[in-house]
1. Which of the strands (runs of 3 or more DSSP E) found entirely inside the range 127-195 contain at least 3 residues meeting this: modelled with pLDDT of 95 or more?
2. Could you check the range 200-279 for strands (runs of 3 or more DSSP E) lying wholly inside it with 2 or more residues that are touching a residue at least 12 places away in the same chain (Cβ under 8 Å) and surrounded by 14 or more Cβ atoms within 10 Å (Cβ to Cβ)?
3. Out of the range 177-199, which residues are surrounded by 14 or more Cβ atoms within 10 Å (Cβ to Cβ) and among the small types (Gly, Ala, Ser)?
4. Report, by residue number, each residue of the range 116-153 that is surrounded by fewer than 14 Cβ atoms within 10 Å (Cβ to Cβ) and farther than 29 Å from Arg74 by Cα.
5. State all residues of the range 44-89 that are of a type in the set (A, V, I, L, M, F, W, C) and modelled with pLDDT of 85 or more; if no residue qualifies, say none.
6. Before we move on, is Pro149 of a type outside the set (D, E, K, R), more than 21 Å from the chain's Cα centre (by Cα) and farther than 19 Å from Asp174 by Cβ?
7. Can you find even one residue in the range 73-80 that is in contact with a Gly (Cβ under 6 Å, 6 or more places away or on another chain) and open to solvent by 30 Å² or more (accessible area, probe 1.4 Å)?
8. For the range 108-120, give me each residue that is among the hydrophobic types (A, V, I, L, M, F, W, C) and farther than 17 Å from Ser273 by Cα.
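The values are calculated or read from the model by the stated rules, or taken from the named source; none is laboratory data. Only a predicted model underlies this, so the values are computations on that prediction, with no experimental measurement involved. Backbone-built Cβ (ideal geometry, glycine too); neighbour counts: all protein chains shown. We work out accessible area using only protein heavy atoms, side chains counted, and drop any ligands, DNA or RNA first. Shrake-Rupley method; radii C 1.70, N 1.55, O 1.52, S 1.80 Å.
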Amino acid sequence: MLFRSPTPSNIDFEANGNRLHQHLAFYDCAGEHFRYDYLRQTTKNTSRAFGHFAHANALLFTYDPLQDLTAIKRLSQQSSDPQLREQRTISHQDKTLEAVVQQFRTLRKLSPTSRIKAPLLVCVQKYDVWGKLIPKWAQLDATSVVRFPSAGTSALDVQELNRHSLHIRKFLHDISPMFVAQAEANFSLVRYFAVSALGTSPTLVEIDNEDEYGNRTKSTKLCIRPRDMHSFRVTDPILWLLAEWKLIRKAVPPTKRPDGVQEATITAETETSVRVVLPDSKETLVVDRDYLGTQVIDPFSGTRAWIPAG
């Protein structure tokens with residue numbers, strides 16, 4: 001449980017200070033809790049492991065491409081990261097998400113066809129490794145925080161994060177289409193984020209071991225020096241949520257189509273989403289209404305496209 005309060009230097013302190021006082025509670029569920037054998041042993045679906053799902057305002061799901069066989073095969077041809085050789089865990093993360101969805105539906109008493117309104121934030125880990133698999137024009141820079149020194153404040157470029165989300169979604173769809181289908185069929189709002197807790201590859205170190213009888217053996221272990229850690233965009237999911245909840249400022253995006261940028265065609269609309277055909281690749285995307293009136297980068301061709309306001 002965290003309590004966050006603005007300081008007097010905050011430019012919104014006088015006008016909105018009281019509204020900006022917030023309690024934030026974070027719960028960490030181990031992926032093992034959603035295995036079939038664990039769920040079968042659980043006597044009640046409302047176990048202490050999942051009870052907070054009934055009240056959660058958002059779900060952050062960490063997806064590890066280095067536990068995905070397709071991603072490992074592709075990366076093995078391009079990367080010398082020792083995790084690709086030493087890590088033997090292969091996980092069906094779409095099945096884990098399926099179990100999460102079942103718990104959400106049970107605890108919220110939702111029908112099988114209704115979508116979960118809490119946003120799903122898919123945090124794709126170890127970007128420093130798998131980033132090699134996406135095109136250069138889809139690579140991420142260091143931050144989406146925009147600073148305004150003259151005003152003494154900063155804002156989040158949510159439009160940029162939304163653009164990145166489309167690229168990360170395409171990468172994830174290429175290696176695990178069932179996961180993406182599971183996410184978007186069950187949640188009304190989904191965002192994809194590229195993150196890296198370490199920001200660099202660990203090294204394989206030989207360790208001397210000695211048992212209680214004095215027998216000495218050697219083993220290897222993946223290690224990293226703290227000084228080599230360079231976390232990358234790990235705050236993006238929380239910043240996006242805070243902006244979505246109007247607790248931090250959003251950078252104001254352009255309100256009209258830039259010169260030379262082609263317009264996508266809207267072919268269908270619902271209350272929450274639109275179906276668009278991209279002008280260059282002619283591929284179809286279904287995006288939520290936050291994308292209306294914004295510029296995106298076609299995740300299939302790398303060209304700019306404008307999604308009209310509808």
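1. Passing ranges, in order: 190-194.
2. 265-269, 273-277
3. Within the range 177-199, Ala183, Ser188, Ala194, Ser196, Ala197, Gly199 qualify.
4. If the condition is that a residue be surrounded by fewer than 14 Cβ atoms within 10 Å (Cβ to Cβ) and farther than 29 Å from Arg74 by Cα, then Lys117, Arg147, Phe148, Pro149, Ser150, Ala151, Gly152 are the ones that fit.
5. Passing the criteria: Phe53, Ala54, Ala56, Ala58, Leu59, Leu60, Phe61, Leu66, Leu69, Ala71, Ile72, Leu75.
6. Working: of a type outside the set (D, E, K, R): yes; more than 21 Å from the chain's Cα centre (by Cα): yes; farther than 19 Å from Asp174 by Cβ: yes.
Here the answer is yes, as Pro149 does meet what is asked.
7. No, the range 73-80 contains no residue that is in contact with a Gly (Cβ under 6 Å, 6 or more places away or on another chain) and open to solvent by 30 Å² or more (accessible area, probe 1.4 Å).
8. Leu110, the sole residue that qualifies.
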